[in-house]
Amino acid sequence: MRIFVSIFALLLFFGTNAQTHVFKPLPYAYDALEPYIDAKTMEIHYSKHHRGYYDKFMAAIKGNSTLESLSMPEIMARMSEFPVAVRNNGGGFWNHEFFWESMTPGGSTIPEGAFKSRINTQFGSMEKFLEEFKNAGLSVFGSGWVWLIQEKGALKIVTTPNQDNPLMNVPEGTVNPLLALDVWEHAYYLKHQNKRAAYIDDFFNVIDWIAVSRRFNEKL
Ligand code: MN
């Protein structure tokens, strides 16, 4: 009997640990977002930058059973308790996965419904929302991110420096990220060089509004 209990415990141990932090495949081919985001940038961004954050994050949490078992949103909520390597690399790991899943080849049309209505009510129109989002992206000094989030029932555009994100150090479930844009130079320099505005305009053509609306509807 004891041996079976031990085997069960081992299976549970390895089973749960194996599934917690996974480096997911890119949801489309490197060249799928052409001509807006080029294949070479996507390849380096995913296979070198994103992979690098993931590998360093896994190294930073190795042997820490709390960090190895908590979900990424749980880690984000408690980030001030953890070393800076967990913040920078855990942020880089989670942010990029969320960013890839905010885009789709050719973009998608925003579905009719609660989210579209909210964009119009809060920002006036989709055009005005995009203008405000772009200005926020241009306002980031150095490296960082632009986000559309839902907080206390309202939509908000916020920016974060480095690999920080709006989930860090706020109680879990109080902020719902809907859309992210990476404005680090590594995200656009090969194609757009110093022209961040042109990169943001191109990004607008590949936003997966169906995914963004789904995130909103999940937390309505
Ligand atoms: Mn990046």
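List of remarks:
- The test for being surrounded by 17 or more Cβ atoms within 10 Å (Cβ to Cβ) and in a loop (DSSP other than H, G, I, E, B) does not hold for I119.
- The condition of being within 16 Å of the ligand (Cβ to nearest atom) and assigned to a helix (DSSP H, G or I) holds for only one of Y30, Y54, that being Y54.
- Figure legend. Inter-residue proximity from the stretch 188-209: first residues in a strand (DSSP E or B), second residues open to solvent by 40 Å² or more (accessible area, probe 1.4 Å), beta-carbon distance below 8 Å, spacing 6+ or different chains. Indicated pairs: D208/E101.
- For the stretch 156-193, residues that are within 15 Å of the ligand (Cβ to nearest atom) and open to solvent by 50 Å² or more (accessible area, probe 1.4 Å) total 8.
- Only residues that are at positive phi and surrounded by 16 or more Cβ atoms within 10 Å (Cβ to Cβ) were counted in the stretch 26-65, giving 0.
- Listed by first and then second residue, the pairs with beta-carbon distance under 7 Å, at least 6 apart or on different chains, first residue in the stretch 91-106 and more than 13 Å from the ligand (Cβ to nearest atom), second small (G, A, S), are E101/A211; P105/A32.
- From the list G142, G153, the one residue that fits, being surrounded by fewer than 14 Cβ atoms within 10 Å (Cβ to Cβ), farther than 15 Å from L179 by Cα and at pLDDT below 95, is G153.
Yes or no, residue by residue, for (1) free of Cβ contacts under 8 Å to residues at least 12 places away in the same chain; (2) closer than 23 Å to K156 by Cα:
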position: S47; (1), (2): yes, no
position: Y53; (1), (2): no, no
position: L67; (1), (2): no, no
position: S71; (1), (2): no, no
position: P83; (1), (2): no, no
position: E112; (1), (2): yes, yes
position: K116; (1), (2): no, yes
position: K128; (1), (2): yes, yes
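The values are calculated or read from the model by the stated rules, or taken from the named source; none is laboratory data. Bear in mind that the values here come from a model prediction, so they are computed numbers and not experimental data. Note: ideal-geometry Cβ built from the backbone for every residue, glycine included; neighbour counts use all protein chains shown. Accessible surface areas use protein heavy atoms only, side chains included; no ligands, DNA or RNA. Shrake-Rupley method; radii C 1.70, N 1.55, O 1.52, S 1.80 Å.
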